[in-house]
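The values are calculated or read from the model by the stated rules, or taken from the named source; none is laboratory data. For clarity, every value in this text was computed on a predicted model and none was experimentally measured. All Cβ positions, glycine included, derive from the backbone under ideal geometry; neighbour counts span all protein chains shown. These accessible areas exclude ligands, DNA and RNA; they are computed on the full protein's heavy atoms, side chains included. Shrake-Rupley method; radii C 1.70, N 1.55, O 1.52, S 1.80 Å.
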Amino acid sequence: MAEATLEVSELTKRFGDFLAVDGLSFGIRKGEILGLLGVNGAGKTTAINMVLGLVEPTSGSVKVFGEDLARHRIKILKRANFSSSYTSLPGNLRVWQNMLVFGKLYGVRNIKEKMDELLELFEVGHLKKRVTGQLSAGESTRVNLCKSLLNEPELLMLDEPTASLDPDIADKVRKILRKVQRDRQMSVLYTSHNMRDVEEVCDRVIFMHKGKVLCEGTPEEIVKSFQEESLEHVFIRVARSGDFVEELGSGDGGRTTPGDS
Amino acid sequence: MNLEVVQALVLRHVFLYTRNAVRFVELIFWPTVQLLVWGFLTMYLQENTSGDFPGLVTFLIGALILWDALFRSQQGVAISFLEDVWARNLLNVFVAPVRPMEYLAAACAVGFLRILMTGALLAVLASFFYAFNIFSLGFSLVPFYANLMAFGWCLGMISTACILRWGQAAESLAWAVPFLVQPFAAVFYPVSVLPEWLQPLALALPCSHIFEGMRQVMSDGVFPVRSLVWATVLNLIFLVLAALVYLRVLRIARRKGLLTRFASQ
């Protein structure tokens, strides 16, 4: 088995009486893209935030590159990065200024070359001198992705990276991400509500429901096990009858493959 | 502490100010307005009173300039944090390899740069309009500024901690916190003017000793060793306490998931 980049073990997060994540365990191998799926409120954002060190788990552990995140946060974050359609780079700075600042934060050498290379790769090289706040949503998302690849991360966390892109750009971005990921053998934790994205990009998928892993496998395995036409249909079924699906697999430690039941 | 990280965080603010001249209004406009209003008012009062208080103009202008140092320093720390909140950039910074102390150090450095700019401006304006020479404070000017800057950092850390804990609803504290302290800080009047029961509170604030020291230098020309020692010792205690409060609140914010709400606000 390939070396594990990320190991999440029995991760639990409780906010008062609300159990957001309930004993979540999963891993990502080197060079693998894992999709974390679930309806709104399933716990995937909380899970990602715990992996990023933004939220402290109530219990459980997160190990990245074999080291405990709680104890080696800075060391780990130097080798990881993050992009979300819900965060922005400072809008009042020019694109190159943002890249320079984040390049320095991550201790990147040859920032200028890296910046140019990535901006060209995502077809936003011509925006380098533009004010970030004046970019369109799609341009801004691509610039954000450039920032997330500046330090050549070994673990990349992407929170709905194509949410604001038109189908053409989304397709290009998916292909670029896939290529960069393969070339660099990068591990990626990917969340999206766009099931086409997930089917195209992810090697393996975890469906979360009420903070737990509902099922896990390759997109094809999951579609097959649910006896549905596509991942989108699986998603809808989980969204509408997640509790039922969970009950079916309750004898399997919370991990359910409905086709087995 | 990684100085490259601190430098990068400061660079972001330098870019912010150099990119847009309107940003300088905040640094120039209010200090100038305050100096002009207070300065002319003081001159008017001095000309129309019996002249019992010959140093009134210098005391008040000096206090005003030094108070601004404290205020700008506090603002440097608190506004640096708010800039990241307003830009929805906070998560990008907090998932980068930035230690909390590096983030604070950068904010403090921004406070220092703000003091340099407004301090220089006010010194020139005070000299031009009121023939007030801030350098008449002599060598003591350096420790005065250093102590006021340090206390401004402390107030900035406390303001930031409050915003972290209570969210953007507490944003106004970024401007209010220094003014909560001002009545007890003996800025424009000596500690002895305060009611006796309030005086211990005033003397517990490092800045009170600086303003007392400033009046001592202006009236007697004596280097205020005692005031400076008190201010420095108290500042060291306040710096440690403020940093501990900030780190504690940051820990609470991580535990309660408060950091992530800044992404969507």
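Which pairs turn up if I take residues in the stretch B:142-159 that are touching a residue at least 12 places away in the same chain (Cβ under 8 Å) and look for partners that are acidic (Asp, Glu) and open to solvent by 30 Å² or more (accessible area, probe 1.4 Å) with beta carbon separation below 7 Å, at least 6 apart in sequence or on another chain?
Once the first residue is touching a residue at least 12 places away in the same chain (Cβ under 8 Å) and sits in the stretch B:142-159, no partner that is acidic (Asp, Glu) and open to solvent by 30 Å² or more (accessible area, probe 1.4 Å) comes close enough.
Could you list, in sequence order, the residues of the stretch A:36-95 that are charged (D, E, K, R) and open to solvent by 50 Å² or more (accessible area, probe 1.4 Å)?
A:LYS63, A:ARG71, A:LYS75, A:LYS78, A:ARG79, A:ARG94
Take residues that are polar (S, T, N, Q) and within 14 Å of chain A (Cβ to nearest Cβ) and tell me which of the helices (runs of 4 or more DSSP H) falling wholly in the stretch B:1-86 contain 2 or more.
Per the criteria, B:3-19.
Return the residues of the stretch A:28-70 that are free of Cβ contacts under 8 Å to residues at least 24 places away in the same chain and within 12 Å of chain B (Cβ to nearest Cβ); say none if nothing qualifies.
Matches in the stretch A:28-70: A:ASN49, A:LEU54, A:GLU56, A:LEU69, A:ALA70.
A:SER25: within 14 Å of another protein chain (Cβ to nearest Cβ) and surrounded by fewer than 19 Cβ atoms within 10 Å (Cβ to Cβ), yes or no?
Considered against the rule, which asks whether it is within 14 Å of another protein chain (Cβ to nearest Cβ) and surrounded by fewer than 19 Cβ atoms within 10 Å (Cβ to Cβ), A:SER25 comes out as no.
In the list A:LEU158, A:LEU127, A:LEU165, A:LEU121, which residue meets the criterion of being of a type in the set (A, V, I, L, M) and either under 19 Å from B:PHE15 (Cα atoms) or at pLDDT 95 or above (or both)?
A:LEU127
Can you run down the residue pairs with Cβ atoms below 7 Å, 6 or more apart or on separate chains, where the first is in the stretch A:223-243 and acidic (Asp, Glu) and the partner is surrounded by 14 or more Cβ atoms within 10 Å (Cβ to Cβ)?
Correct list of pairs: A:GLU228/A:VAL234; A:GLU228/A:ARG237; A:GLU232/A:MET195.
With the condition kept exactly as written, say whether any residue in the stretch A:225-233 is open to solvent by less than 10 Å² (accessible area, probe 1.4 Å) and modelled with pLDDT of 90 or more.
The answer is no; no qualifying residue exists.
Select, from B:LEU228, B:LEU180, B:LEU239, the only residue that is without any contact (Cβ under 8 Å) to a residue 60 or more places away in the chain, of a type outside the set (Lys, Arg) and open to solvent by 10 Å² or more (accessible area, probe 1.4 Å).
B:LEU180
Can you tell me which residues in the stretch A:205-229 are in contact with a Pro (Cβ under 8 Å, 6 or more places away or on another chain) and part of a strand (DSSP E or B)?
A:VAL205, A:CYS215
Given the criteria surrounded by 20 or more Cβ atoms within 10 Å (Cβ to Cβ), in a helix (DSSP H, G or I), among the basic types (Lys, Arg) and touching a residue at least 12 places away in the same chain (Cβ under 8 Å), does A:LYS172 qualify?
no
One residue is enough: does the stretch B:33-52 have a residue meeting the conditions open to solvent by 10 Å² or more (accessible area, probe 1.4 Å) and within 17 Å of the chain's Cα centre (by Cα)?
Checked against the condition, which is being open to solvent by 10 Å² or more (accessible area, probe 1.4 Å) and within 17 Å of the chain's Cα centre (by Cα), the stretch B:33-52 yields at least one hit.
Out of (1) away from chain A (no Cβ under 13 Å); (2) among the hydrophobic types (A, V, I, L, M, F, W, C); (3) open to solvent by 20 Å² or more (accessible area, probe 1.4 Å), the odd one out for B:PHE132 is which?
Condition (3) is where B:PHE132 drops out.
Considering each residue of the stretch A:96-109, count those that are assigned to a loop (DSSP other than H, G, I, E, B), within 8 Å of another protein chain (Cβ to nearest Cβ) and either of a type in the set (Val, Ile, Thr) or buried (at least 22 other Cβ atoms within 10 Å of the Cβ) (or both), and give that number.
1
State whether one or more residues within the stretch B:57-77 are more than 17 Å from B:PHE179 (Cα to Cα), at pLDDT 85 or above and open to solvent by 70 Å² or more (accessible area, probe 1.4 Å).
no
Filter the helices (runs of 4 or more DSSP H) completely within the stretch B:184-265 down to those with at least 2 residues that are within 14 Å of chain A (Cβ to nearest Cβ) and either out of contact with any strand residue (DSSP E or B) (no Cβ under 6 Å at 6 or more places or on another chain) or among the β-branched types (Val, Ile, Thr) (or both).
Filter on the stretch B:184-265 gives B:225-256, B:261-264.
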